[in-house]
Amino acid sequence: MPATAAQILLNIFIAFLWMLFNDEDEFRLTTFCVGFIVGAGIVFLMHRFFGKKFYLHRIYSVVKLVLIFIFELFQSSFLVMRHILSPKIVNPGIFRYETGLKGDWEVTTLALLLTLTPGSVVMEVSPEGNVFYVHAMDIEKYHDYLLRSLKKFEKAIMEVSR
């Protein structure tokens with residue numbers, strides 16, 4: 001049994017034990033939730049014996065990735081709106097980005113997050129999956145901004161998947 005599944009089962013078992021020790025006549029969700037929180041604390045203190053990270057760390061990492069995406073989405077949307085409201089000559093372009101991500105899930109997630117961010121589109125991914133060809137709305141102005149966004153996304157995806 002994987003260590004993450006063992007941590008989850010142990011946490012649920014502790015929550016049920018908590019309910020039994022409270023000696024209530026009926027099932028109460030609040031008692032189970034308190035037991036689950038107590039169990040999460042116990043499992044956190046014992047997680048090094050499982051040889052893996054604490055299982056709630058992955059949930060924290062997913063929430064962090066979503067928040068980074070929302071922040072980048074608003075920031076890039078603001079930049080695109082600024083371009084629309086004060087039209088100037090833009091210099092669109094394509095640049096090459098090498099990623100350290102491995103596996104289909106990681107590469108696809110990075111490509112989708114960047115494509116969903118206004119002002120940039122992943123045009124192609126190399127067959128090996130380690131090189132992206134990205135189209136930027138204004139390559140001269142926003143190349144550094146896109147590289148920073150890519151690095152933030154890449155780091156957050158690695159925290160979730162590894």
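The values are calculated or read from the model by the stated rules, or taken from the named source; none is laboratory data. Every value quoted in this text rests on a predicted model; they were computed, and no experiment measured them. As a convention, Cβ positions derive from the backbone with ideal geometry for all residues, glycine included, and neighbour counts pool all protein chains shown. Keep in mind that these areas ignore ligands, DNA and RNA; they rest on the heavy atoms of the full protein, side chains included. Shrake-Rupley method; radii C 1.70, N 1.55, O 1.52, S 1.80 Å.
List of remarks:
- Only one of Val66, Val80 that is surrounded by 14 or more Cβ atoms within 10 Å (Cβ to Cβ), part of a helix (DSSP H, G or I), out of contact with any helix residue (DSSP H, G or I) (no Cβ under 8 Å at 6 or more places or on another chain) and not hydroxyl-bearing (Ser, Thr, Tyr): Val80
- Residue check for Leu110: open to solvent by 20 Å² or more (accessible area, probe 1.4 Å) and either out of contact with any His (no Cβ under 7 Å at 6 or more places or on another chain) or not small (Gly, Ala, Ser) (or both): no
- Number of residues in region 137-153 that are without any contact (Cβ under 8 Å) to a residue 24 or more places away in the chain and either under 19 Å from Val66 (Cα atoms) or in contact with a strand residue (DSSP E or B) (Cβ under 6 Å, 6 or more places away or on another chain) (or both): the value is 2.
- Scanning region 113-136 for residues that are of a type in the set (A, V, I, L, M, F, W, C), open to solvent by 20 Å² or more (accessible area, probe 1.4 Å) and either in a strand (DSSP E or B) or more than 15 Å from Leu65 (Cβ to Cβ) (or both) yields Val121, Val122, Met123, Val125.
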